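Asker: Could you have a look at this structure, given as structure tokens, before my questions?
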Amino acid sequence: MIEVNARKHWMSLLAKADPQDLAALWGDLSLETAFTYLRAPEVGGVMVRGRAGATGAPFNLGEMTVTRCSVQVQGGEVGHAYVQGRDKTHATQAAVIDALMQTDLADRLRDSVLEPLSDKHEQARAARAARAAATKVDFFTMVRGED
């Protein structure tokens, strides 16, 4: 049985991955994989909701375009994917990798696809944090000796 949090993590990585990076890492594995579509890639919209300060009442922020796909690989495992935008290839690759992560190929995929995606995602997050830190302003009060 698959740990739910582990699957959430790899599905998140696949959904957030740059399509070109995913295609490059996926490479030769795509030639070895036979699958059938349970739900061919289709483009649609979802409502994005937010909360003021992450604690307030939820409100509709706006719509976002997503592409979803569901596949079944030869062993019977089913994979699903929702990706931002209109890239049907990205959605298909993410769904196939999700299905294959439930097979004996999981360790191979983790090493060759998920780990590099995770590293790249972490590097991008660190770069954004560094750019934000460069604009940080520290406000302080000077002691004037009147105490």
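Asker: Can you find a residue that is among the polar types (S, T, N, Q), out of contact with any Pro (no Cβ under 7 Å at 6 or more places or on another chain) and surrounded by 10 or more Cβ atoms within 10 Å (Cβ to Cβ) anywhere in the stretch 42-62?
Answerer: Within the stretch 42-62 (the criterion being among the polar types (S, T, N, Q), out of contact with any Pro (no Cβ under 7 Å at 6 or more places or on another chain) and surrounded by 10 or more Cβ atoms within 10 Å (Cβ to Cβ)), the answer is no, since none of the residues qualifies.
Asker: Do we have any residue at all in the stretch 29-39 that's over 22 Å from ALA124 (Cβ atoms), in contact with a His (Cβ under 9 Å, 6 or more places away or on another chain) and either of a type outside the set (A, V, I, L, M, F, W, C) or part of a strand (DSSP E or B) (or both)?
Answerer: yes
Asker: Only residues in the stretch 56-67 that are part of a strand (DSSP E or B) count as the first member; pair them with residues that are at pLDDT 90 or above and among the aromatic types (Phe, Trp, Tyr), Cβ under 8 angstrom, at least 6 apart or cross-chain, and list the lot.
Answerer: VAL66/TYR82; THR67/TYR82
Asker: Here's a check for you: in the stretch 1-26, which residue that is exposed (fewer than 11 other Cβ atoms within 10 Å of the Cβ) and under 21 Å from ALA99 (Cβ atoms) is modelled with the highest pLDDT?
Answerer: LYS8
Asker: I'd like to know if the stretch 71-84 contains one or more residues that are outside any strand (DSSP E or B), in contact with a helix residue (DSSP H, G or I) (Cβ under 6 Å, 6 or more places away or on another chain), closer than 16 Å to THR33 by Cβ and in contact (Cβ under 8 Å) with a residue 60 or more places away in the chain.
Answerer: Among the residues of the stretch 71-84, not one is outside any strand (DSSP E or B), in contact with a helix residue (DSSP H, G or I) (Cβ under 6 Å, 6 or more places away or on another chain), closer than 16 Å to THR33 by Cβ and in contact (Cβ under 8 Å) with a residue 60 or more places away in the chain, which makes the answer no.
The values are calculated or read from the model by the stated rules, or taken from the named source; none is laboratory data. Keep in mind that this is a model prediction, so the values were computed, not measured. FYI the Cβ positions are ideal-geometry reconstructions off the backbone, even for glycines, and counts take in every protein chain you see.
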